[in-house]
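Here the structure is laid out as structure tokens; the discussion comes afterwards.
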Amino acid sequence: MNGGTLRFFGAAFLALAMALAASPGYAQKKYDPGATDTEIKIGNIMAYTGPFSEYGATGRAEAAYFQMINDRGGVNGRKINFISVDNGTNFRGSLDLARKLVEQDGVLLLFGNFGYATNVAIRGYLNDNKIPQLFLATNDSTFDDPAQYPWTMGFGASKRIEGIVYAKYILQNKPDAKIAVLYPSDESGQDWLQGIHEGLGEKSAKLIVKEISFSYADPAGLDSRIAALKDSGADIFLNMSVGRYATLAIRKAYDMGWRPLEFLPNASLSIAAFLEPAGLDKSVGILTNARSKGWTSPESQSDPAVREYVDWMKKYNPSGNLRDANNLFGYEVSETLIEVLRKCGDNLTRQNVMDQAARLNLELGMLLPGIRVTTSKTDYQPIKQLYLIRFNGRNWDPIGGVIGE
């Protein structure tokens, strides 16, 4: 074999080696803290106790979903280590919890954290340290700001979009309405209020007869506020409160003899957590919005995705209430995160996690047809559509089709 032949084979071998190194199967693995050949650590801050403890069902559902994934072999062969901590609905302690998850527990990312106040409290720290803060259990417009906070991404349609859609429905169906608005006295409440005014447009000043804010720290103060809204003569009640505060407002309005057309936020649609405690008879006719298919009626069981969700609840989350929509939220955001991690392959750096999260075009089985999870480098609002539903005393009935901004 002469020198020319040796040089040829040497060059060919080098080219082959470079090609193999560039291919997915031979690419060098890249890890940031929280990822190894066998494990991916995910951090979560949830309200398992305190005034918003009903939302703890979301964290339990997420843990159950990851257990299913682990039973199936994990994500690209790596098991999920889900470290979920309770802030007791004490939002001021959330930053310390986030620091512990990152600096002591060594998580790759934080995911599905509950609440506006919690996510605002930890956002600066996570962005300064380039830690992904993904698919939050709050739907405020402030979390769709990739220019200022490139490491933070929400999930559901924003409160502003909710407000716009409710306003458009009122204009189309009750153009001479008298509207009363109850909203929380924080930036979150302003998001709803902005959407309502934007949706009503120039008719806003004429149709809104009363607006009153309230504080989640003062549940007893709801009574006088609802009485004032009732006394305004309004026949539409935009009840922009969440959790057990929505329950209190529903019950109080009914017990006062006020029977307006009532709207609730998506975050308060759980029949088991919020409507049953208020009284199902007192909740009949309430409107809210959803993005997902119904799953509790017998006819819904013909849908394969619904059957899969119900079977998952029975096997992996048997203590969860099937009528509690907080379980479905945990299921959907977990499914989305697993898709992001799957796309990361062996490049489990925090930067690549965000890169993959910002290029989603995903159809989830439980989303209503026409609603998809879509993101880009300039769009951190994964879900942008919703549809309206009305409570019939047992279940939610869809009214109309998919609506966007």
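Just check segment 159-290 against the gyration tensor rule for me: Cα atoms, a ≥ b ≥ c as the square roots of the eigenvalues, rounded for a/c under 1.5, and otherwise prolate or oblate depending on whether a/b exceeds b/c. Mind showing how you got there, number by number?
Details: a/c = 1.37, a/b = 1.34, b/c = 1.02.
Judged from the Cα gyration tensor, segment 159-290 comes out rounded (a/c under 1.5).
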Hey, got the dipole for the chain? About the Cα centre, +1 on K and R Cβ, -1 on D and E Cβ, debye to the nearest 20? 460 debye
D_trans [Stokes-Einstein, Kirkwood Rh over alpha-carbon pairs] for segment 150-225, 4 °C, 1.567 mPa s, µm² s⁻¹: 96 µm²/s
For segment 224-379, alpha-carbon Rg and Dmax in angstrom: 19.3, 62
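Hand me the trypsin sites (Lys or Arg not before Pro) from segment 83-157 located in a DSSP loop with no more than 10 other Cβ atoms within 10 Å, in residue order please. Provide the component values of the computation, followed by the final result.
Numbers: sites: 92, 99, 100, 123, 130; in loops: 130.
Filter output for segment 83-157: empty list.
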Anything over 31 Å Cα to Cα? Flag those among 130/343; 30/293; 79/377, in the order listed. 30/293
Could you state the orientation-averaged shadow area of the convex hull built on the Cα atoms of segment 125-176, in nm² to one decimal? 4.4 nm²
Trypsin sites (Lys or Arg not before Pro) in segment 29-83 lying in a DSSP loop, each with at most 16 other Cβ atoms within 10 Å of its Cβ, come to 29, 72
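Taking only DSSP H segments of four or more residues, each worth -39500 (n - 2.57), what value at 222 nm results for the chain once the sum is divided by all its residues, to the nearest 500 deg cm²/dmol? Walk me through the numbers on the way to the answer.
Working: 13 runs with 159 residues, N = 405.
Estimated from H runs of four or more residues: -12000 deg cm²/dmol.
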Kyte-Doolittle at least 0.0, axis length at least 15 Å by Cα - qualifying DSSP helices, the chain: 3-22, 325-344
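State, to one decimal in nm², a quarter of the convex hull surface area for the C-alpha atoms of segment 343-405, i.e. the direction-averaged projected area. Intermediate results must be reported in sequence, preceding the final value.
Numbers: hull surface 23.8 nm².
Result: a mean projected hull area of 6.0 nm².
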What is the dipole size for segment 159-290, taken about its Cα centre, with +1 at each Lys and Arg Cβ and -1 at each Asp and Glu Cβ, in debye to the nearest 20? 240 debye
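Jot down the per residue volume, in cubic angstrom and as a whole number, of the convex hull over the alpha-carbon atoms of segment 251-308.
Details: hull volume 5.6 nm³, N = 58.
Spread over its residues, the Cα hull of segment 251-308 gives 97 Å³ apiece.
Can you pull the Rg over Rh of the chain, Cα-only, Kirkwood? Walk me through the numbers before you get to the answer.
Working: Rg = 23.8 Å, Rh = 22.5 Å.
Taking Rg over the Kirkwood Rh, I get 1.06.
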Which lysines have a Cα less than 20 Å from the Cα of residue 168, not counting those fewer than 8 places away in the same chain? 159, 178, 203, 206, 210, 384
Considering only 325, 357, 147, give the residue with the highest GNM mean-square fluctuation for the chain, with springs between Cα atoms whenever their separation is below 10 Å. 147
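A short reminder: the numbers here are calculations on the coordinates, not readings from a lab. Model, not experiment: these values are computed from the prediction. As a convention, Cβ positions derive from the backbone with ideal geometry for all residues, glycine included, and neighbour counts pool all protein chains shown.
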